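Quick notes on the structure that follows.
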Amino acid sequence: MSLTEKKCVPCEGGVGKFDAAKVKELLQQLHSDWQVNADSTIITRKFEFKGFYKTMAFVNALAWIANQEMHHPDFSVTYNSCTINFTTHAINGLSENDFICAAKVDALLAN
């Protein structure tokens, strides 16, 4: 089953975060612009748009996905860009939820 077909599972802690090998494996299923930080606890991608309206439309779609999945990213928005950071705060690292949401965000812009 692809990541976009999966649903996030609520995480209240008590499970382990993914190790670097698992993160690398799952990162291969995402758009190549996703980056992982040095300690494999956050994945990040910057999206650029032509103008404020398109940026905000993307942010609203991102918010809808996050709310549907009950897994919320940290993100920053400028006039023509949005940078998204996914991590599972309850475990201070990455879980499958982060990759599910990242894949669904990728699908927003897939042609």
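Things to note:
- Taking all Cα-Cα distances within segment 16-111, those exceeding 19 Å account for 37%.
- Mean separation of Cα contacts under 8 Å, 6 or more apart, over the residue count of the chain: relative contact order %: 38
- Computed from phi, the 3J(HN,Hα) profile of segment 6-22 under the Karplus parametrisation 6.51, -1.76, 1.60 (θ = phi - 60°) reads 8, 10, 5, 10, x, 10, 10, x, x, 10, x, 7, 5, 7, 4, 5, 5 Hz, with x in place of Gly and Pro.
- Modelled FRET efficiency - R0 22 Å, Ala90 with Lys6, Cβ distances, 0.05 increments: 0.75
- Hits among lysines - C-alpha to C-alpha of Lys17 under 27 Å, sequence gap 8 or more where chains match: Lys6, Lys7, Lys46, Lys104
- Taking the longest Cα principal axis of the chain as reference, the axis of helix 96-108 is set at about 20 degrees.
- Close amide H pairs (under 5 Å, H built 1.01 Å from N) link Thr88 with Gly93, Leu94, Ser95, residues at least 5 positions away or on another chain.
- Here Lys54 is the anchor, and the aspartates and glutamates within straight C-alpha reach of less than 20 Å, apart from those fewer than 8 places off in the same chain, are Asp33, Asp74, Asp106.
- Solvent-accessible area, 1.4 Å probe, carbon plus sulfur percent, for segment 5-111: 53
- Rounded to whole numbers, the Karplus 3J(HN,Hα) couplings from phi for segment 76-87 are 10, 10, 10, 3, 10, 7, 9, 10, 10, 10, 9, 7 Hz, using 6.51 cos²θ - 1.76 cosθ + 1.60 with θ = phi - 60°, and x at Gly and Pro.
- A full extension of the chain between Val36 and Met56 corresponds to an added length of 4.7 nm, given 0.36 nm per residue minus the alpha carbon distance.
The values are calculated or read from the model by the stated rules, or taken from the named source; none is laboratory data. None of the values given here were measured: they were computed from a predicted structure. A quick note on method: Cβ atoms are made from the backbone with ideal geometry, for glycine too, and the neighbour counts reach across all protein chains shown. Surface areas here come from the heavy atoms of the whole protein model, side chains and all, with no ligands, DNA or RNA. Shrake-Rupley method; radii C 1.70, N 1.55, O 1.52, S 1.80 Å.
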